[in-house]
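To start, the structure under review is shown below, and the notes come after it.
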Amino acid sequence: MAKGKTTLFFCQNCGYESAKWQGQCPGCHEWNTFVEEPTVKGGSSVKRKSTVSGVKPVQLSHISTDEEQRISSGIRELDRVLGGGIVSGSLMLVGGDPGIGKSTLLLQVCYHLTEKKHKVLYVSGEESAQQIKLRAKRIGEFNEDLLILCETNLDSVRETIEQLRPEIAVIDSIQTMYNENVASAPGSVSQVRESTGVFMQIAKGMNISVFIVGHVTKEGVVAGPRVLEHMVDTVLYFEGDRYASYRILRGVKNRFGSTNEIGVFEMSQNGLREVANPSEYMLDGKPVNASGSVVACSMEGTRPILIEIQALVCQSNLPMPRRTTAGTDFNRVNLLLAVLEKRAGMHLSACDVYVNIAGGIRMTEPAIDLGLILAVVSSFKDIVIDEKTIAFGEVGLSGEIRSVNMAQQRVQEAKKLGFETILMPKVSMKAITKTEGIRIIGLETVRDAVQYLMSEKNCC
Ligand code: TYD
Ligand code: MG
């Protein structure tokens, strides 16, 4: 028998291939992630019928951009994240924890599309037709343009799509799809890669927009393969606290639009509902007259969102004080604590510091630095920050408060929600047109910010 190798080792985290087992993956540096998987029988899996035949090169100048047709999904928040609607022939990955609402969102998309007489195929490898029907009943009355296929065999899914030629197909989920030519189990790196390749051919060759659902591991990446992220056109992540009702849809990669837009939804009895004004929603339940709480403003794409930052600073009994962050970057918070210690004389090194972005949303824009600093000082000195105040600005290592972009939009949003005082970088003030009924305070350094808080206390 020829000594051909029929198995390879794949990293289950990033998809790295290796001829032998290794303890640590050279690709992603994770430990113990290599699993032996048989390679494709017969050397190549490319037994597919080529659907892209006879394609000739065309001159770039002869391609009209009208060819990029977009179909509205009927859900404005989703259209925003996709960059204006579903591009025909695109392959989109929707990732997220189990139970976050991926199937619900896509079934709602199917509902709106079929209402507009688009032909849609929903392939489910996870749920039975009855289960899908039960879910659909909560969403609305579906018409006959939605076809349901409960199947996990990749070949028969492909054949059905070729026969039916829908405009949009939904694959729920990629981890359940099974290709007979690949001997490893469904959900393994080779299976997922193989299946995604087939759906890519379907999308590009037949000009069908395909949504793929992908589960996410506890580390927050699409289970198994990052390879999948490279292959698709758009990657959307569904995030949010499972215990809170709102959900955030975030664009991570988008070949047809910007990637920093977010869509905000609320899970209700009848599926996901769009949240048109997320700031109001995020600030709901903000405590009054409590120290350690401040409202900050972060730009998510083109939209400013106001969030409440909470900090709790207390005397530590531990030799190495505890620092905990939820909803923001841990290292960034540590850096800001060091800036406060060195540049503003705050002795925080003997204190435990807990920081939380209320509502479970994750914010990492540097413009929330000033808010983080104020929340920490407010808790440390037990000074209540006026509830009609918001803060934004980036903080540098010398303690300087640096400019941020789109300052005017942030001020506008604050005004819309009835805030009266804005603490912001002095250097960004020239970008602001005078706004009635709002007091703008420009700060140059962290020391200025601390002094402002102290003087507020004096005048109260
Ligand atoms: P689901 O869409 O099945 O999640 P995923 O496909 O990401 O695993 O999410 C279902 C969850 O949402 C489940 O906990 C029930 C809840 N839900 C509602 O609260 N209201 C609804 O109308 C629907 C359809 C589901
Ligand atoms: Mg599901």
Suppose we filter GLY54, GLY43, GLY74 for residues that are at positive phi and either modelled with pLDDT of 85 or more or surrounded by 12 or more Cβ atoms within 10 Å (Cβ to Cβ) (or both); which single one remains? GLY74
More than 24 Å from MET406 (Cβ to Cβ), touching a residue at least 40 places away in the same chain (Cβ under 8 Å) and not in a helix (DSSP H, G or I): is that true of LEU306 in this structure? no
What do you reckon, is ARG402 under 21 Å from ASN260 (Cα atoms) and either in contact with a Phe, Trp or Tyr (Cβ under 7 Å, 6 or more places away or on another chain) or of a type in the set (Lys, Arg) (or both)? no
Among the numbered criteria (1) of a type in the set (A, V, I, L, M, F, W, C); (2) within 32 Å of the chain's Cα centre (by Cα); (3) assigned to a loop (DSSP other than H, G, I, E, B), which one does VAL384 miss? (2)
Tell me whether the stretch 417-428 contains one or more residues that are closer than 20 Å to VAL288 by Cα and loosely packed, with under 14 Cβ neighbours inside 10 Å. yes
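From GLU141, GLU151, which residue is over 28 Å from the mean Cα position of the chain (by Cα), within 27 Å of ARG273 (Cα to Cα), modelled with pLDDT under 95 and not small (Gly, Ala, Ser)?
GLU141 is the lone residue from the list that is over 28 Å from the mean Cα position of the chain (by Cα), within 27 Å of ARG273 (Cα to Cα), modelled with pLDDT under 95 and not small (Gly, Ala, Ser).
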Some residue of the stretch 282-290 being in contact with a helix residue (DSSP H, G or I) (Cβ under 6 Å, 6 or more places away or on another chain) and surrounded by 15 or more Cβ atoms within 10 Å (Cβ to Cβ): no
The stretch 258-270, residues that are assigned to a strand (DSSP E or B) and either aliphatic (A, V, I, L, M) or in contact (Cβ under 8 Å) with a residue 24 or more places away in the chain (or both): ILE262, GLY263, VAL264, PHE265, MET267
Kindly provide the set of residues from the stretch 136-173 that are in contact with a Ser or Thr (Cβ under 6 Å, 6 or more places away or on another chain) and part of a helix (DSSP H, G or I), ordered by number. LEU154
Being more than 16 Å from ligand 2 (Cβ to nearest atom) and buried (at least 22 other Cβ atoms within 10 Å of the Cβ) is the filter here, so list the residues in the stretch 88-100 that pass it. SER90, LEU91
Quick one: is ASP145 more than 15 Å from ligand 2 (Cβ to nearest atom), farther than 27 Å from ILE248 by Cβ and in contact with a His (Cβ under 8 Å, 6 or more places away or on another chain)? yes
Out of GLY85, GLY140, GLY125, report the one residue that is more than 26 Å from GLU180 (Cβ to Cβ) and crowded, with 17+ Cβ neighbours inside 10 Å. GLY85
In the stretch 173-190, residue surrounded by the most Cβ atoms within 10 Å (Cβ to Cβ) [restricted to those that are at pLDDT 85 or above and out of contact with any Gly (no Cβ under 9 Å at 6 or more places or on another chain)]: ASN179
Within the stretch 441-460, which residues are surrounded by fewer than 17 Cβ atoms within 10 Å (Cβ to Cβ) and either within 21 Å of LEU306 (Cα to Cα) or among the basic types (Lys, Arg) (or both)? ILE441, ARG447, LYS457
Condition first: assigned to a loop (DSSP other than H, G, I, E, B) and basic (Lys, Arg). Now tell me which residues in the stretch 404-442 satisfy that. LYS434
Just checking, how many residues over the stretch 397-437 are of a type in the set (Val, Ile, Thr) and at pLDDT 90 or above? 6
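Here's the yes/no breakdown for (1) assigned to a strand (DSSP E or B); (2) hydrophobic (A, V, I, L, M, F, W, C); (3) within 26 Å of TYR111 (Cα to Cα); (4) at pLDDT below 90:
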| position | (1), (2), (3), (4) |
| --- | --- |
| GLU194 | no, no, no, yes |
| PHE211 | yes, yes, yes, no |
| GLY214 | yes, no, yes, yes |
| PRO225 | no, no, no, yes |
| ARG242 | no, no, yes, yes |
| ILE248 | yes, yes, yes, yes |
| PHE256 | no, yes, yes, yes |
| LEU272 | yes, yes, yes, no |
| MET282 | no, yes, no, yes |
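The values are calculated or read from the model by the stated rules, or taken from the named source; none is laboratory data. This structure is a prediction, so every number in the text was calculated from the model and none was measured. Counting neighbours? That spans all protein chains shown, and the Cβs are built from the backbone with ideal geometry, glycine included.
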